[in-house]
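The values are calculated or read from the model by the stated rules, or taken from the named source; none is laboratory data. This is a predicted model, so every value here is computed, not measured. Cβ sites come from the backbone with ideal geometry, for glycine too, and all protein chains shown count toward neighbours.
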């Protein structure tokens with residue numbers, strides 16, 4: 001494989017040679033960084049989907065517990081009204 005700059009050219013003008021090396025390194029780092037971010041975005045999207053499922057399950061459980069609490073409070077109020085339990089318990 002022939003390099004774009006020969007040793008003779010590099011010895012003659014080292015600034016151009018270093019510029020070529022630096023531009024190559026910067027190009028590689030840019031590409032590597034972009035690929036890395038693309039992978040991270042994919043992982044974050046997957047995590048986001050999993051968290052949405054967990055939140056949906058938690059919302060369902062919260063609604064069930066809210067309903068159960070409302071039923072329990074209503075029963076306590078009815079029992080307190082009927083005199084079966086002391087008045088302050090259901091409030």
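Quick check on residue 75: is it modelled with pLDDT of 95 or more and part of a helix (DSSP H, G or I)? Even if it seems obvious, please write down each step before you answer.
Details: modelled with pLDDT of 95 or more: no; part of a helix (DSSP H, G or I): yes.
When the stated conditions are applied, residue 75 does not pass them.
Condition check ((1) free of Cβ contacts under 8 Å to residues at least 40 places away in the same chain; (2) surrounded by 10 or more Cβ atoms within 10 Å (Cβ to Cβ); (3) within 32 Å of the chain's Cα centre (by Cα)) across all residues:
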| residue | (1), (2), (3) |
| --- | --- |
| 7 | yes, no, no |
| 10 | yes, yes, no |
| 20 | yes, yes, no |
| 40 | yes, yes, yes |
| 66 | yes, yes, yes |
| 69 | yes, yes, no |
